[in-house]
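Below: the structure, in structure tokens.
The values are calculated or read from the model by the stated rules, or taken from the named source; none is laboratory data. Computed from a predicted structure; not experimentally measured. Reconstructed Cβ throughout: ideal geometry from the backbone, glycine too, with neighbour counts over all protein chains shown.
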Amino acid sequence: MKKEKIPGISAPAGLLAVLLLTSLDQFTKYLAEVFLAGHPSVVLIPGVLELKYLENTGMAFGLLAGRKLFFVLVCLLFFLLGICLFFRIPKKRYYLPLFIILFVMQSGAAGNFIDRVFRGYVVDFIYVSLIDFPIFNLADIYVVCASILLIILVCLKYKEDDFAFLNPRYKG
């Protein structure tokens with residue numbers, strides 16, 4: 001299988017993708033603060049989906065609430081790992097899905113990182129009442145969807161040899 005180079009996958013292109021997705025996340029959180037904070041939830045689909053404002057100082061299900069420094073440090077570590085991966089993944093078409101996943105995950109992490117640093121909490125506002133799922137936001141969607149796609153790709157597309165670039169001795 002020929003693994004041709006990907007035109008346009010560069011640090012500036014990746015940064016632009018992350019900035020655009022993160023901006024969309026921050027814009028939706030701004031709208032949630034303006035239109036939902038201090039107001040009753042907005043029912044979009046009765047019994048299924050609502051917009052409901054929540055200030056979350058923890059992670060999913062409110063775990064580790066109030067551990068801002070911990071979350072900030074973990075996020076910074078995640079960003080460094082993402083940057084290292086960007087430069088290690090071969091710039092070939094075969095790996096394009098990994099680049100997309102990386103950019104989407106970094107966007108989700110950045111969106112919630114911004115909230116934690118500048119607000120002291122993460123703005124959540126999407127509530128699936130049908131299954132009483134925890135309230136979440138666009139950044140959470142980015143991370144969860146990208147993680148699921150990564151698992152699917154690792155199970156179905158990529159083989160162990162395709163991840164040789166993770167070996168510190170790898171010389172692409």
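Remarks
- Qualifying residue in region 85-92 (condition: within 18 Å of residue 21 (Cβ to Cβ), β-branched (Val, Ile, Thr) and surrounded by 14 or more Cβ atoms within 10 Å (Cβ to Cβ)): no
- Here the condition is being at negative phi and either at pLDDT below 95 or surrounded by fewer than 12 Cβ atoms within 10 Å (Cβ to Cβ) (or both); of 61, 79, it holds for 79 alone.
- Contact map, region 131-143: residues that are in contact (Cβ under 8 Å) with a residue 12 or more places away in the chain and within 11 Å of residue 59 (Cβ to Cβ) paired with residues that are surrounded by fewer than 19 Cβ atoms within 10 Å (Cβ to Cβ) and of a type in the set (Gly, Ala, Ser), Cβ distance under 9 Å, separation 6+ or inter-chain. Pairs shown: 134/60; 134/62; 136/60; 140/60.
- Scanning region 96-141 for residues that are in a helix (DSSP H, G or I) and among the small types (Gly, Ala, Ser), we see that the one that is farthest from residue 83 (Cα to Cα) is 129.
- Residue match in region 39-55 (condition: of a type in the set (Ser, Thr, Tyr), in contact with a strand residue (DSSP E or B) (Cβ under 9 Å, 6 or more places away or on another chain) and either buried (at least 18 other Cβ atoms within 10 Å of the Cβ) or modelled with pLDDT under 95 (or both)): yes
- Some residue of region 66-73 being modelled with pLDDT under 95, basic (Lys, Arg) and outside any helix (DSSP H, G or I): yes
- Selection status of residue 162, surrounded by fewer than 18 Cβ atoms within 10 Å (Cβ to Cβ), over 19 Å from the mean Cα position of the chain (by Cα) and in contact (Cβ under 8 Å) with a residue 12 or more places away in the chain: yes
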